[in-house]
Amino acid sequence: MNPKILIVGSTGKLGIKLLNFCKKNNVNIFCITCYKNIKLLKAQSKKYNIKNFFKLSHVSESIKFKLFLEKNKINIIYFLDYGYKSILYANIFLKHNKQSLIAIANKEMIIAGGQTLIDKILSSNNKLIPLDSEHFSLSNINFKNDNIKKIYITASGGPFYFKKNINFEKVSLDNVLAHPKWKMGVNNSIDSSNFINKILEIYELSIIYKINLLKIDFLISKEAYVHSVVLRNDNIVSLNCFNNDMLITLVNPLKKFYPFIDLKINSHFLDNKMLKLEKFNDKRFKINKYLKILKCLSPNNQIIFMILNNIAQKKYLSKEIKYNEILDFIMSNLKKNTKSVLFKSINDRIEFIDSIEKRYDY
């Protein structure tokens, strides 16, 4: 059986990587989408012989894509895009598909959809495969909130952690985007540089695996080889490791239909340098100041934090605020917007997000 595979966000770095791999391994793609980069999308359509493609920033194309989701049985859907709005498409997809694999690299989508999205995936008899390396590393481990003491995800340190003489008041955008391990888009690179990505990933982990936020923390793994550590109540410690190659997570959903695909990647578990971990305790980073507060946010306020971070990034990129003011902007506005709302559906969550964004004309 040749599965029908849909890639939302094919023009991003992950989408490009996945398409190249599929071409080399004779895996056909049924549909691709972009947000704005229609030039690259059309080039991908031609190069990989993909007949179905949609530019989702265009209203009429978005409507056509929703109809496409209603009419077609999709075996694997990848969400490799950025931003929360893909929960709109996921909501439609889940109404019309069962026994499909839903592979998500979009952490904003997980945070916006929250437990509502996760429960809907499970109740519709579909399977979630988280693609962020940290969450993927936990996907085959049998654990629950009650039988663990702690879960640590890891951070590589980004461009600044191991450069102790860096003055954050003077860093350039090029400095911020120069991640030493991962090739990412602008937004994710900024989040990685100031460790906001670790806060978002902690929320994501809590949602996916139903783990108390206070049981989740992060460590530094310079080589980005250890992705998570689980401390169980029976005192067993599990280190979950693999090379810092996103193809490992991206290819995993394909193995259900193409079991003989082999990445031929060597492991480095005998190299002590690769296994080295250290606690994060660097007061240069403002996330250190706000960590306790952020780990106690309600689901509503996690969403607000995420939105304010997007706004702060936009202001930083347009030079309205400085790099070292990003966290201060978020936290000062978070206090003004704190609220408690009961979400009964994904549409409730979308309305809530729209109401917050309208306050900032975002």
Selected from Asn26, Asn301, Asn347 as most flexible by GNM, with the chain as the system and alpha-carbon contacts under 10 Å: Asn26
Using only Cα atoms, what is the ratio of the radius of gyration of segment 81-197 to 2.2 N^0.38 Å? 1.29
What part of the accessible area of segment 167-208, given as a whole %, is carbon or sulfur when the probe is 1.4 angstrom? 47
Could you give the accessible area per residue of the chain, probe 1.4 Å, as a whole number in Å²? 49
Per-residue SASA entry for Glu278, accessible area with 1.4 Å probe, Å² rounded to 10: 70
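Where the accessible area of segment 252-354 is counted over protein heavy atoms with a 1.4 Å probe, how much of it, in %, is carbon and sulfur?
Carbon and sulfur together cover 52 percent of it.
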Counting other Cβ atoms within 10 Å, which chymotrypsin sites (Phe, Trp or Tyr not before Pro) in segment 239-297 have at most 14 and lie in a DSSP loop? Phe260, Phe269
Sticking to Cα atoms, compute the Rg of the chain to one decimal and its Dmax as the biggest Cα-Cα distance, whole number, in Å. 20.0, 57
For Ser124, what is the net charge nearby, where nearby means another residue's Cβ is under 15 Å from its Cβ and Lys, Arg count +1, Asp, Glu -1? +3
Round to a whole number: what % of the accessible area of segment 15-137 belongs to carbon and sulfur, probe 1.4 Å? 53
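Return the percentage of antiparallel bridges among DSSP beta bridges fully within segment 120-271, rounded to the nearest 5 %.
Working: 10 of 15 bridges.
Antiparallel: roughly 65 percent of the beta bridges in segment 120-271.
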In Å, what Kirkwood hydrodynamic radius results for segment 165-306 from the alpha-carbon pair distances? 17.6
In the chain, taking the dipole from +1 charges on Lys and Arg beta carbons and -1 charges on Asp and Glu beta carbons about the Cα centre, the listed residue (Ala105, Leu263, Ala224) farthest towards the positive end is Leu263
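For segment 172-236, with only Lys/Arg (+1) and Asp/Glu (-1) charged at the beta-carbon, what is the dipole magnitude about the Cα centre, in debye rounded to 20?
Computed charge dipole of segment 172-236: roughly 120 debye.
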Roughly how many Å is it from the Cα centre of segment 231-254 to that of segment 115-194, as a whole number? 13
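From the square roots a ≥ b ≥ c of the eigenvalues of the alpha-carbon gyration tensor of segment 219-259, which class results: rounded (a/c under 1.5), prolate (a/b over b/c), or oblate?
Details: a/c = 4.52, a/b = 1.59, b/c = 2.84.
Oblate shape, in that a/c is at least 1.5 and b/c is the bigger or equal ratio.
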Projecting the Cα atoms of Ala43, Ile190, Phe21 onto the charge dipole of the chain, where Lys and Arg contribute +1 and Asp and Glu -1 at Cβ, the residue farthest towards the positive end is Ala43
Shape verdict for segment 95-142, please, from the Cα gyration tensor: rounded (a/c under 1.5), prolate (a/b greater than b/c) or oblate. oblate
Restricting to the chain, compute how many DSSP beta bridges are antiparallel as a %, nearest 5. 35
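Based solely on its DSSP helices, what 222 nm [θ] is calculated for the chain when runs of n ≥ 4 H residues each add -39,500 (n - 2.57) and the sum is averaged over all residues, nearest 500 deg cm²/dmol? The partial results should precede the final answer.
Working: 15 runs with 157 residues, N = 362.
Taking each H run of at least 4 residues, the total per residue is -13000 deg cm²/dmol.
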Where a ≥ b ≥ c are the square roots of the eigenvalues of the C-alpha gyration tensor, would you call segment 244-316 rounded, which needs a/c under 1.5, or, failing that, prolate if a/b is larger than b/c, or oblate? oblate
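The values are calculated or read from the model by the stated rules, or taken from the named source; none is laboratory data. Here the structure is a predicted model, which is why all the values come from computation and not from measurement. Cβ coordinates were reconstructed from backbone atoms using ideal geometry, including for glycine residues, and neighbour counts include every protein chain displayed. Side chains are part of the model used for accessible areas, which takes the heavy atoms of the whole protein and leaves out ligands, DNA and RNA. Shrake-Rupley method; radii C 1.70, N 1.55, O 1.52, S 1.80 Å.
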